[in-house]
Amino acid sequence: MNDVSTPIEDEYEFQKLIGYQLVEWEQDRAVINCPMKPKLTNRQGQPHGGMLATLMDTAMGYCGCFAGADEVSIHCMTLTLTSNYLSRPKGKMLIAEGRKTGGGKRVFFAEASVKDETGELIATASGSFRYRQTYQDPPKN
């Protein structure tokens, strides 16, 4: 497991806008934390569904693209994303965990969940992702 106290990659502009941080990254798993802020809520003051989908999409994308510390970057793009919204958070930190569930040389499948620091399950998702061909092949399991 790679526990990230300093950013493992340079933050990109959309990541800065939302304010999430990749905090754990290992083979077939990634965890992203995002503190709740008023700018991330809907009209009812709850986390916006699109923001939750973003966290799950990002966690799933990262979980399939881990290459280790000394490897060339692996990237992917989302093919499908199905989100399920289950509850409202009780806490102030959103924690998205992505887990690779299968796939092959060009496409992988993943699941994700968002919980808060109290353990409240807020949303789940599943998706399919295509490795970008401009980068190295995905890691072999």
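Taking segment 43-54 as the range and being over 16 Å from E120 (Cα atoms) and crowded, with 16+ Cβ neighbours inside 10 Å as the test, the residues that pass are M51, A53, T54. Yes or no: G64 touching a Gly at 6+ places or on another chain (Cβ under 8 Å) and at positive phi? For G64, the condition - touching a Gly at 6+ places or on another chain (Cβ under 8 Å) and at positive phi - is not met. Within segment 92-141, the set of residues being part of a loop (DSSP other than H, G, I, E, B), among the hydroxyl-bearing types (S, T, Y) and modelled with pLDDT of 95 or more comprises just one member, T118. For segment 63-80, state whether one or more residues are surrounded by fewer than 14 Cβ atoms within 10 Å (Cβ to Cβ), at pLDDT 95 or above, more than 23 Å from K115 (Cβ to Cβ) and of a type in the set (A, V, I, L, M, F, W, C). Yes, some residue in segment 63-80 is surrounded by fewer than 14 Cβ atoms within 10 Å (Cβ to Cβ), at pLDDT 95 or above, more than 23 Å from K115 (Cβ to Cβ) and of a type in the set (A, V, I, L, M, F, W, C).
Scan segment 91-122 for residues that are crowded, with 17+ Cβ neighbours inside 10 Å, within 17 Å of the chain's Cα centre (by Cα) and more than 18 Å from L22 (Cα to Cα) and the total you get is 3.
Rundown of residues vs (1) aliphatic (A, V, I, L, M); (2) within 22 Å of L17 (Cα to Cα), yes/no style:
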site: M51; (1), (2): yes, yes
site: G64; (1), (2): no, no
site: V72; (1), (2): yes, no
site: C76; (1), (2): no, yes
site: L86; (1), (2): yes, no
site: P89; (1), (2): no, yes
site: R132; (1), (2): no, no
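Remark: pairs (first residue in segment 72-91, under 11 Å from D57 (Cβ atoms); second residue assigned to a loop (DSSP other than H, G, I, E, B); Cβ separation under 7 Å; 6+ apart in sequence or on different chains) = C76/G64; C76/C65; C76/R132; M77/R132.
Selection of segment 56-84 for residues being outside any loop (DSSP other than H, G, I, E, B) and acidic (D, E) yields only D57.
Could you list, in sequence order, all residues of segment 21-35 that are outside any strand (DSSP E or B) and either touching a Leu at 6+ places or on another chain (Cβ under 6 Å) or surrounded by fewer than 12 Cβ atoms within 10 Å (Cβ to Cβ) (or both)? Explain how you work it out, then say what you get.
Let us first name the residues in segment 21-35 that are outside any strand (DSSP E or B), namely 27-28.
Selection gives nothing.
The values are calculated or read from the model by the stated rules, or taken from the named source; none is laboratory data. Keep in mind the model is a prediction, meaning the values are calculated, not measured. So basically every Cβ, Gly included, is an ideal-geometry build from the backbone, and we count neighbours across all protein chains shown.
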